[in-house]
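Remarks on the structure that follows.
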Amino acid sequence: MKKLLIPLLFLLSLTAYKSIEQPDYIDIQELRKLYSSGDPSSWPEPELDKSIDKKAFRDIGVLSAVPYPEYNPYSKEKESLGKLLFFDPRLSTSGQIACASCHNPELGWTDNLTRSFGHDRQTGKRNSMTILNSAYAKTLFWDGRASSLEDQAKFPIGDPLEMNEKLTIAVDKIAKIKGYNTLFEAAFGDKKVSLQRIQYAIATFERSINSPKSKFDQFVSGKSDAYTDSQVKGLHLFRTKAQCINCHNTPYFSDNEFHNDGQTLFGTKNEDFGRYNVTKDVKDIGKFRTPTLREVVNTKPWMHHGHFPSLLDVVELYNGGNPSPVQKKYLGTARDSLIPKIDPMLKKLDLNKDEISDLLAFIETLSTPTRRIMIPALPK
C-alpha cells in the first residue's frame with residue numbers, strides 16, 4: 001500500500017504545481033462567443049493594473065462618430081480646402097515640403113522612415129506619427145505639445161527642421177494665389193486668408209482621415225467567423241496576461257495619456273525627454289503619448305525614435321518588462337535628478353512564443369488595407 005501511496009502523492013503534488021504555474025484553461029469557442037456577441041458587458045473582465053482608475057476606464061471597441069469641435073464644425077467645403085492645403089508645398093520656405101511629405105496616404109499616412117526628412121534634408125528628431133483617426137486624439141505629437149488638430153497644424157510650418165517658414169509669410173503666400181479665393185469664400189463666407197482659417201481647414205480635412213471597419217470591428221460587432229482561433233486568443237491575451245489594455249484602451253486603442261516606456265535613450269546622442277520638454281516637470285521625463293494601435297501594421301517603423309523595425313521587436317520589449325539600464329555613471333552628478341523612471345505598470349510578462357504569435361495575430365486585425373486617394377490639383 002505504501003508503495004502505491006508514495007507515487008500517488010507525487011503525482012498529486014505535480015498536478016498542484018502545474019495548476020499554479022500554468023494559466024487557467026481557455027475555452028476558445030466560449031471566448032469567441034463572448035467577444036463576438038456584440039455586447040461588451042459580457043466580455044471577460046480585463047486585467048488592469050492597480051494604478052488604473054476602474055471607474056474612468058473605457059474598454060476597446062468600435063469607434064464612435066467623428067467628433068467635431070463647436071468652434072470648427074464640419075463642412076464639405078472646409079474639408080476640400082483643407083485637403084488642398086495639406087498637399088500644398090507652398091506653405092514651406094522651399095516650396096517643396098507639404099504636410100503630405102511626412103504623412104503619405106499610401107504609407108499609412110506616415111513616411112515609413114525612422115525619422116522624417118525636412119527642410120534642406122535635415123532629419124527630424126522623432127518618428128512621424130500617423131494622422132489616421134487623429135480626430136480621437138486629445139493632444140497631438142509624441143509629447144502632446146498641441147492641444148488640438150487646429151493647434152497642431154501650425155507647428156510643422158514654422159519648425160526649422162520641417163517646413164521652416166514664418167507663419168505670416170506662409171499666410172501671405174496662400175493669399176496671393178488667386179485660385180484659393182473662391183475656396184476660402186466657400187469654406188468661410190469670404191475670401192480672407194488667415195492663419196486660423198488655414199489651421200481650421202487642415203484640421204477639418206485631417207478629421208476625415210479615418211479607418212474603415214477593421215476585422216476587429218467586424219468581429220466584436222457580431223461576425224464571429226471573422227477571427228481565427230489564434231486571433232481570438234490574442235484578443236483575450238491583449239486584455240489580460242499581456243497587459244496591453246492598461247495603455248491601449250478605448251476604441252481608439254490609446255488612453256491618450258503619457259508613459260515612460262524605457263525608451264528615453266538617456267545619455268546617448270538620441271536622448272529624448274519627451275513630455276518633460278513641454279511641461280518641465282521632472283515627473284514627465286521620458287514620457288510619451290500612447291500611440292493608437294489602429295492601423296499600426298501600416299505605420300512602421302515603431303516607437304518615438306523609430307528604432308523598432310518589426311512589431312515582434314516591440315512585443316518582445318514589453319514582454320521583457322522594458323529593461324532600461326541604470327545609468328550609474330550619472331548617479332551623484334548634476335544629471336542625477338534627470339535619470340528617467342520607467343512606468344511601474346511595465347513588468348515582465350512571461351509570454352511564451354505561441355502567446356506572442358497569437359497577440360501579434362490579433363494586433364494585425366486592427367489594421368486595414370491601404371487605400372489610395374486622389375491627389376488634388378493645386379490652385380494657381
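The values are calculated or read from the model by the stated rules, or taken from the named source; none is laboratory data. These figures come from a predicted structure and were not determined experimentally. In this analysis, Cβ positions are derived from the backbone assuming ideal geometry, glycine residues included, and neighbour counts consider all displayed protein chains. Please note that ligands, DNA and RNA were not included when accessible areas were found on the heavy atoms of the full protein model with its side chains. Shrake-Rupley method; radii C 1.70, N 1.55, O 1.52, S 1.80 Å.
Residue 358 falls short on exactly one of the conditions (1) open to solvent by 50 Å² or more (accessible area, probe 1.4 Å); (2) among the charged types (D, E, K, R); (3) farther than 22 Å from residue 147 by Cβ, and that condition is (1). When segment 250-275 is filtered for residues that are open to solvent by 40 Å² or more (accessible area, probe 1.4 Å) and in contact with a Gly (Cβ under 7 Å, 6 or more places away or on another chain), only 275 remains. Taken as a whole, the structure leaves residue 217 outside the set of residues that are outside any helix (DSSP H, G or I), over 16 Å from the mean Cα position of the chain (by Cα), acidic (Asp, Glu) and buried (at least 19 other Cβ atoms within 10 Å of the Cβ). Here residue 127 meets each of (1) out of contact with any strand residue (DSSP E or B) (no Cβ under 8 Å at 6 or more places or on another chain); (2) buried (at least 22 other Cβ atoms within 10 Å of the Cβ) with one exception, condition (1). Consider segment 49-90 and keep the residues that are of a type in the set (A, V, I, L, M), in contact (Cβ under 8 Å) with a residue 40 or more places away in the chain and assigned to a loop (DSSP other than H, G, I, E, B). The one that is least open to solvent (accessible area, probe 1.4 Å) is 60.
Any chance segment 156-174 includes a residue that's within 24 Å of residue 73 (Cα to Cα) and surrounded by fewer than 18 Cβ atoms within 10 Å (Cβ to Cβ)? Yes. Has segment 252-264 got any residue that is at positive phi and not small (Gly, Ala, Ser)? Checked segment 252-264: at least one residue is at positive phi and not small (Gly, Ala, Ser). Scanning segment 276-297 for residues that are in a loop (DSSP other than H, G, I, E, B), surrounded by fewer than 17 Cβ atoms within 10 Å (Cβ to Cβ) and of a type outside the set (Lys, Arg) yields a total of 1.
When you look at residue 134, is it touching a strand residue (DSSP E or B) at 6+ places or on another chain (Cβ under 8 Å) and either in the same structural domain as residue 350 (by the TED database) or closer than 20 Å to residue 59 by Cα (or both), yes or no? Criteria met by residue 134.
Within segment 125-141, the set of residues being closer than 17 Å to residue 97 by Cβ and in contact with a helix residue (DSSP H, G or I) (Cβ under 8 Å, 6 or more places away or on another chain) comprises 128, 131.
Which of the residues spanning segment 91-124 are within 13 Å of residue 159 (Cβ to Cβ), in a helix (DSSP H, G or I) and open to solvent by 30 Å² or more (accessible area, probe 1.4 Å)? Once the filter is applied, which keeps residues that are within 13 Å of residue 159 (Cβ to Cβ), in a helix (DSSP H, G or I) and open to solvent by 30 Å² or more (accessible area, probe 1.4 Å), segment 91-124 yields 101, 120.
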